[in-house]
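Here's the structure we're looking at; comments come further down.
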Amino acid sequence: MEVIETKLKGAFAIQPKLFHDNRGYFFEWFNAKKFEGETGIHFQPVQFNSSKSTKGVLRGLHYQEDPACQTKLVAVTQGIIQDVIVDLRPDSPSYGMYHSEIISEEKKNQLFVPKGFAHGFLVLSETAEIFYAIDDFYSPGHENGVMYNDPSLNIDWQMEPDQIILSDKDKVYEKMTNRTFQFKYNG
């Protein structure tokens, strides 16, 4: 697998190596030993989630606060999404910056999202199924988010605003301005 650090410290784009033959293909979704060898990061998932959404659905930008922060490995099993992460760690050199990555069933690529990041995605295909491996359990009392269209982030979403479908919860998140985040930067 090829592991490339994004411009956001500690976040990685991952491209598994596919082995094709006349029967189809094979690949490793994730290899913790190889990943740790390349990044120095130990990632041990304890929860696996999946969601399915239709074109235009934007889920995010979500995160969990301390002490229930989560590291995620995001993949797409069907369709295409624009996956976006935002560094919320105040001590990080990439604080307040975002990274956008197109993740697809065809490419089998993934995004590794460390603790202290907000995460969201926009479905670009007719439908998409997203798979998440997570290193801590979901905690409703620690769930929070940042408004997807926060002008201070200036995220270049790959769809016109009138085509984006949000949940009621995602419509009311606050902007980053004048907010305090308690995440630690582990660089």
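Here residue 1 clears all of (1) at pLDDT 95 or above; (2) in contact with a helix residue (DSSP H, G or I) (Cβ under 7 Å, 6 or more places away or on another chain); (3) not β-branched (Val, Ile, Thr) except the condition numbered (1). The strands (runs of 3 or more DSSP E) located wholly in region 39-90 that include 1 or more residues which are farther than 23 Å from residue 3 by Cβ occupy 47-54, 58-64, 72-78.
I'd like the residue in region 132-146 that is assigned to a loop (DSSP other than H, G, I, E, B) and of a type outside the set (Val, Ile, Thr) and, out of all such residues, is surrounded by the fewest Cβ atoms within 10 Å (Cβ to Cβ). Among those that are assigned to a loop (DSSP other than H, G, I, E, B) and of a type outside the set (Val, Ile, Thr), it is 137.
So, in region 99-131, of the ones that are assigned to a strand (DSSP E or B) and free of Cβ contacts under 8 Å to residues at least 60 places away in the same chain, which residue ends up farthest from residue 10 (Cα to Cα)? That would be 104.
In region 165-181, the residues that are farther than 20 Å from residue 53 by Cα and in contact (Cβ under 8 Å) with a residue 60 or more places away in the chain form Cβ pairs under 6 Å with partners that are acidic (Asp, Glu) and surrounded by 13 or more Cβ atoms within 10 Å (Cβ to Cβ), at six or more places apart or across chains, as follows: 176/150. Just one of the listed residues (82, 78, 64) is under 11 Å from the mean Cα position of the chain (by Cα) and polar (S, T, N, Q), and it is 82. When the residues of region 87-108 are filtered to those that are among the small types (Gly, Ala, Ser) and surrounded by 19 or more Cβ atoms within 10 Å (Cβ to Cβ), the one that is farthest from residue 158 (Cα to Cα) is 92.
The values are calculated or read from the model by the stated rules, or taken from the named source; none is laboratory data. It should be emphasised that the depicted structure is a prediction, and the values quoted were computed from it without experimental measurement. With ideal geometry, Cβ positions are generated from the backbone for all residues, glycine too; neighbour counts draw on all protein chains shown.
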